[in-house]
1. Quick one: Kirkwood hydrodynamic radius for segment 105-149, alpha-carbon pairs, angstrom, one decimal?
2. Any idea how far apart residue 71 and residue 145 come out in nm if each label point goes 7 Å out from Cα toward Cβ?
3. Quick one: length gained pulling residue 47 to residue 113 fully straight, 0.36 nm per residue minus the C-alpha distance?
4. Rounded to the nearest 0.05, what FRET efficiency do residue 58 and residue 125 have when you use their Cβ-Cβ distance and R0 = 25 Å?
5. Between segment 70-111 and segment 113-157, what's the alpha-carbon centroid distance in Å?
6. Please state, to two decimals, what the Cα-based radius of gyration of segment 30-157 comes to when divided by 2.2 N^0.38 Å (N = residues).
């Protein structure tokens, strides 16, 4: 019995530690983990917590049917290749800024304040391996421009 209590206490301790370890990163609206990402512009470093869309189902769903994003949140779409990209706003009720990013973390192009619920394709105008979606107007607020850097482990630095 003493061994069983000791085992249970150990398991409870590990669960508590695991919960504390993730507490700083937070979670998205569906409980998905968030990761830190930084956009470096002429105005400094701008920190975001982002959901990761790294498989086809997550990339297709994106930010559909979501509330307005807080200033420090976003979604990073990760692709296994580098190619011309196009995004749309199908079933996305809030306008977004879309930043297309090359494999080295440089912003290729920015589509600002894209039209909600639109099926119009929004091209990257250059090869990209990552795409960052943030609240509409946020790119302008932080003065993000093509050539600025995005720091996240997905991109080669």
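All of the numbers you see were taken from the coordinates with simple rules; none came from a lab. Keep in mind that what you see is a predicted model, and the values were worked out from it rather than measured. Every residue, glycine as well, gets a Cβ built from its backbone with ideal geometry; the counts of neighbours run over all protein chains shown.
1. On the way: mean 1/r = 0.0868 Å⁻¹.
Result for segment 105-149 stands at 11.5 Å.
2. 2.2
3. Working: separation 66, 0.36 × 66 = 23.76 nm, distance 1.99 nm.
My answer for the length gained is 21.8 nm.
4. Numbers: r = 24 Å, r/R0 = 0.96.
Approximately 0.55, to the nearest 0.05.
5. Cα centroid of segment 70-111 versus Cα centroid of segment 113-157: 4 Å apart.
6. On the way: Rg = 13.0 Å, N = 128, 2.2 N^0.38 = 13.9 Å.
My calculation over the Cα atoms of segment 30-157 gives 0.94.
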